[in-house]
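Each remark here refers to the structure printed beneath this line.
The values are calculated or read from the model by the stated rules, or taken from the named source; none is laboratory data. Keep in mind that this is a model prediction, so the values were computed, not measured. Glycine also receives a Cβ, built like all others from the backbone with ideal geometry; neighbour counts cover every protein chain displayed.
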Amino acid sequence: MGRRRDLQSIAPASGHIYFSLKDDNAQVSAAWFRQRQRSPAVGLKDGDKVLAFGRVSLYEARGNYQLIVEQMEPAGEGVLKLRFDALKKKLASEGLFDEDRKQELPVLPARIGVITSPSGAAIRDILSILGRRFPAIPVVIYPAAVQGDAAPGELADALATAVRRAECDVLIISRGGGSLEDLWAFNDEKLARAIAACPLPVISAVGHEIDFTIADFVADVRAPTPSGAAEIVAPDQSEWLRRISVLAMRIARVGQRSVEDRAQELDWLARRLAASSPAATLRQQSDRLRENRRRLASGVRIAVSNVSHRIALLGRALNSVSPLATLDRGYAIVMKADTGNVLLRTAEVAAGDDIRARLSQGELIATVKDVSDGE
């Protein structure tokens, strides 16, 4: 049997624990013998709420009934753990955790959606990492509560909104760390089924590395932390720039090789012409040589033009992903002067704070005179 009551205990030197389970209406004596204490009893104190399993026994010396405890654990987390394991087993049996149904993440997302609290630490970590790795990728935030009774519904609604708008090609559902109760919204069955049915790839990044939720199991990818999700979803910009540079050099080498091949062909034709003695053959070879020279010159111009055009396209693509290109259009990156953190909201500064504004050429150092919320 199990009974959830407040705990009042006495622990003698024998290691056995004698206590009373009580609530507002009744109480029952209980004994938890040392050899039955498989779970730790250290830390139990009067007033704790526990879930006790055991059998009812008669203590004949006093004529009292008491509960002989076989197992005891904290009431709140113990019940939640049982519910977690039951739902996990149910969804696993339906195949919602199977690897063959999980979607691949895009190599270079066109736009990233984040479902989380707009004021939480998770979104700040995600935006910071994305800004460092690949700032050219736009981010759309779908706000939702991440804790409390309303959180599962709001998270599912935000997910449905992202699917309906179809403006992103990958989604991150996330929140920072917390207790099992804090993270419980991400163990909701309806939310789990919504994630499993989502046509967009979903990354679950809930809590710390040791925390696991049902959302982690049904998502296409599980990230250990919100920052880890940002590392997974966005490529390294510097690596992409390096690959583009290598590609441009390969194109240039192909063009040079084509020119050299044509020049070698011209030399071969010239030698054949020199070896021919009849005048008619000489004239024929001369005409052919002139034609080949004309074709060679035309081919070289076309080859060089094609290579130049492709290099120009790569240059424009490279420039489009550079954050400096944004600054050239009149924008600025505003940072706290003391920490260097990029400012995203007016709430992050106050009047009198020093700030730095990075321009296309140089920086400005200024002091905030006033702060407006922009409304």
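So which helices (runs of 4 or more DSSP H) are wholly in segment 197-297 and hold at least 3 residues that are over 30 Å from residue 147 (Cβ atoms), of a type in the set (A, V, I, L, M, F, W, C) and assigned by TED's automatic domain parsing to the domain that holds residue 176?
none
Restrict the check to segment 58-68 and report whether at least one residue is in a strand (DSSP E or B), touching a residue at least 60 places away in the same chain (Cβ under 8 Å), over 30 Å from residue 236 (Cβ atoms) and more than 26 Å from the chain's Cα centre (by Cα).
Yes, there is a match, as at least one residue in segment 58-68 is in a strand (DSSP E or B), touching a residue at least 60 places away in the same chain (Cβ under 8 Å), over 30 Å from residue 236 (Cβ atoms) and more than 26 Å from the chain's Cα centre (by Cα).
Quick check on this structure: which one of 155, 171, 180, 191 is part of a loop (DSSP other than H, G, I, E, B) and either modelled with pLDDT of 95 or more or of a type in the set (A, V, I, L, M, F, W, C) (or both)?
180
Take segment 119-170 and flag every residue that is surrounded by 18 or more Cβ atoms within 10 Å (Cβ to Cβ) and among the acidic types (Asp, Glu).
Matches in segment 119-170: 125, 154.
Out of curiosity, is residue 85 assigned to a helix (DSSP H, G or I), crowded, with 18+ Cβ neighbours inside 10 Å, outside the structural domain of residue 345 (by TED's automatic domain parsing) and of a type in the set (Asp, Glu)?
No: the conditions fail for residue 85.
Give me the pairs: first residue in segment 110-133 and under 14 Å from residue 233 (Cβ atoms) and in contact (Cβ under 8 Å) with a residue 24 or more places away in the chain, second residue of a type in the set (Val, Ile, Thr) and in a helix (DSSP H, G or I), beta-carbon distance under 7 Å, and six or more apart or on different chains, which are they?
From segment 110-133, the pairs are 112/233; 114/123; 114/126; 116/123.
Identify, please: which residue in segment 183-224 is touching a Phe, Trp or Tyr at 6+ places or on another chain (Cβ under 6 Å) and surrounded by fewer than 24 Cβ atoms within 10 Å (Cβ to Cβ) and is, among those, farthest from residue 172 (Cα to Cα)?
The qualifying residue farthest from residue 172 (Cα to Cα) is 187.
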